[in-house]
């Protein structure tokens, strides 16, 4: 199983739509929905996870779990029940976010210093969810060090989570290489719940090594998938080869359309540059496009670049409904 990771400020519903169209992804997790002492209105869930209006699925039919982040067990439970009632494909709890503002308020990776509290949160949320709604969690190896990694995983399992994603770094390590896949193997030996490895999988070869070292068949892909949208396909079907630059063109066009609905036409150039900045690490053509886009401010010129030479004959972006571009 290959999961698409949440990445705050980058891998939101727009890229979930696009990257699940690319193929190979079995399930997604939304970027975190922050819970701070109140029951959120339905619109707050839908803003982060518009898939709730489509059966909890991306346009490509891939299920999405709603990720909640907070430290108040009772409030997390209330919000978990609410988002499950809206049709989320499951609920995921964030015990790994490294952001300072999140950790200062006792959320994300800060909870990894308190295994007993982790268990209490998971137990409370599990009790609030219908039996048929799956509950998972994502954690790092620890906050300052990985000395409590096994304790935290065991606490999450004892609380009733069915799955656990482990990002193989501590909070302090951030995203610096290497990812410590061998520590996931230590956790795997200590728990029976389904374990999913995450961190530093950028190529099919990385995926093979991660599986061998961690002992996990299941992987979560984040930056690797943003950099190479064909990565999941290449991992899922060895010899497939992923997606070349020509195959990415419909995805870029669909991304442009989706961004217009999310941020407004005046901001989507920034989103395009953000994604191209990742794509140019894998595709030389993206480097050239990135430089061209950075030099432009005119909306029509940007649209011509995104859609190619035939853009004048196509309907304007504003008139094309979401999900209009299919990837074949």
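A Förster distance of 35 Å, applied to the separation of the beta-carbon atoms of residue 113 and residue 57, puts the FRET efficiency at 0.45. Among the listed options [x] 1.04; [y] 0.98; [z] 1.01, the one matching Rg/Rh (Cα atoms, Kirkwood Rh) as calculated from these coordinates is [y]. When peptides 20-29, 131-140 are ranked by their average number of other Cβ atoms within 10 Å per residue, the highest-first order is 20-29, 131-140. If R0 is 25 Å, what FRET efficiency do you get for residue 158 and residue 26 from their C-beta distance, rounded to 0.05? Taking R0 as 25 Å, the efficiency between residue 158 and residue 26 is 0.40.
Inter-part distance, region 200-237 to region 33-83, computed on C-alpha centroids, equals 27 Å. Extension gain, residue 47-residue 294: 0.36 nm per intervening residue step, less the Cα-Cα distance, totals 86.1 nm.
A simple spin-label model places the labels of residue 273 and residue 147 4.5 nm from each other, with each point 7 Å out along Cα-to-Cβ. Highest-first packing order for the peptide set 286-293, 154-161 is 154-161, 286-293, based on the mean count of other beta carbon atoms within 10 Å.
In the calculated pair-distance distribution of region 1-106, the portion above 16 angstrom amounts to 54 percent of the Cα-Cα pairs.
The numbers here are math on the coordinates, done by the rules we state, and not lab data. Quick caveat, the model's predicted, so the values are computed rather than measured. No Cβ is skipped: glycine too gets one built from the backbone with ideal geometry, and neighbour counts run over all protein chains shown.
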